[in-house]
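The values are calculated or read from the model by the stated rules, or taken from the named source; none is laboratory data. What you are looking at is a predicted structure, and each value in this text was computed from that prediction instead of being measured. Glycine gets a Cβ as well: all are built from the backbone with ideal geometry, and neighbour counts include every protein chain shown. In case anyone asks, the SASA skips ligands and DNA or RNA and just uses the protein heavy atoms, side chains included. Shrake-Rupley method; radii C 1.70, N 1.55, O 1.52, S 1.80 Å.
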Amino acid sequence: MARLTVNTVETAPEKAKERIAAVEKANGFIPNLIGVLSNSPQALEMYQEVGKMNSRNSLTSEEIEVVQITAAAHNGCDFCIAGHTKVATKLKMPENVVNALRERTNIEDNTKYQAIAQFVMQLIDKRGQVSDSELQAIKDAGYNDTNILDIVMGIALATLCNYANNVAKNDINPELQPFAPKK
């Protein structure tokens with residue numbers, strides 16, 4: 001049972017109705033995250049607009065999901081782990097990679113994804129104040145300044161979602177249950 005109101009199109013604040021209706025139309029359901037974010041039309045707008053920007057950043061679609069799944073797992077957000085595992089599955093990311101991200105274990109066969117995942121956890125833990133050697137490690141893995149800032153943007157987006165879900169204690173929608181962490 002969520003601790004914050006999970007709105008529908010009918011119960012959402014007027015300024016959020018159009019956005020939440022569009023989500024329902026596009027997905028066939030309203031993810032509980034969207035229902036909660038709609039309590040603040042500005043939070044919902046931020047999520048959607050930064051999400052659009054994040055989707056067209058300098059990282060590949062798979063690298064974007066590495067950031068999102070790693071942040072969700074590191075922040076303990078099962079809802080976002082489920083949602084982004086569904087996206088990763090659609091992208092046909094290898095199951096062993098997705099499982100390693102979800103479990104925050106090493107990705108043995110993809111050093112670039114491992115470098116991103118490690119850097120995401122360091123950024124979160126150190127509030128961005130990574131060491132020179134940690135920054136050099138992500139650069140040595142082939143990432144440039146633009147990529148690094150796009151990773152930071154992805155974490156910012158994840159933080160909104162992860163924290164909103166964690167505060168609300170959202171249930172994972174039935175449509176996302178197959179992708180939820182097993183407890």
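The residue list Leu59, His74, Thr105 was ranked by how far each Cα lies along the charge dipole of the range 45-117 toward its positive end, using unit charges on Cβ atoms, and Leu59 comes out on top. Tell me the relative contact order for the range 58-183 as a rounded percent, counting alpha carbon contacts under 8 Å between residues six or more apart. The normalised contact order for the range 58-183 reaches 41 percent.
The residues Asp150, Asp145, sorted by heavy-atom accessible surface at 1.4 Å with ligands and nucleic acids left out, run Asp145, Asp150 from largest to smallest.
Taking K and R as +1 and D and E as -1, what net charge do the other residues with C-beta under 13 Å from the C-beta of Asp171 add up to? Net charge around Asp171: 0. Between Ala156 and Lys126, what FRET efficiency follows from the Cβ-Cβ distance if R0 is 22 Å, with the result rounded to 0.05? Calculated value: 0.90. Note on Glu24 and Lys86: their simple-model spin labels are 1.6 nm apart, each label 7 Å out from Cα toward Cβ. In terms of accessible area, using a 1.4 Å probe and ignoring ligands and nucleic acids, Val36, Val9 rank largest first as Val9, Val36. Hey, any idea what % of the chain's accessible area is carbon plus sulfur with a 1.4 Å probe? The computed percentage sits at 52. To the nearest 10, the accessible area of Tyr113 is 30 Å² with a 1.4 Å probe. For the range 1-69, the extents of the C-alpha atoms along the principal axes are 37, 25, 22 Å, listed from largest to smallest. Solvent exposure of the range 34-118 amounts to 45 Å² per residue of accessible area, where only protein heavy atoms count and the probe is 1.4 Å.
Note on exposure: Arg127, Arg3 ranked by accessible area (1.4 Å probe, complete protein assembly) read Arg127, Arg3, with the most exposed listed first.
With helices as the sole contributors, the chain gives -20500 deg cm²/dmol at 222 nm; each DSSP H run of n ≥ 4 counts as -39500 (n - 2.57), and the sum is divided by every residue. Extension gain for Asn96-Lys139 works out to 13.0 nm (0.36 nm per residue, less the C-alpha to C-alpha distance).
Here the extension length gained between Met53 and Ala180 equals 43.1 nm, from 0.36 nm per residue of separation less the Cα-Cα distance. Under the convention that each Lys and Arg Cβ holds +1 and each Asp and Glu Cβ holds -1, the size of the dipole of the range 33-182 around its Cα centre is about 260 debye. Among Val120, Val36, Ala158, flag the residue with its Cα farthest along the positive direction of the charge dipole of the chain, charges on Cβ as +1 for Lys/Arg and -1 for Asp/Glu. With unit charges placed on the Cβ atoms, the residue in question is Val36. In a simple Cβ point-charge model (Lys, Arg +1; Asp, Glu -1; nothing else charged), the range 95-163 has a dipole of about 220 debye relative to its Cα centre.
Here each label is just a point 7 Å from Cα along the line to Cβ, and for Lys112 and Leu149 those points are 2.1 nm apart. In this view, the solvent-accessible surface of Thr89, computed with a 1.4 Å probe and all protein chains in place, comes to about 80 Å². A probe of 1.4 angstrom, applied to the heavy atoms of all protein chains, finds Lys139 with accessible area near 80 square angstrom.
Distance between the pseudo-spin-label points of Lys15 and Ser40 (7 Å out from Cα toward the beta carbon): 1.2 nm.
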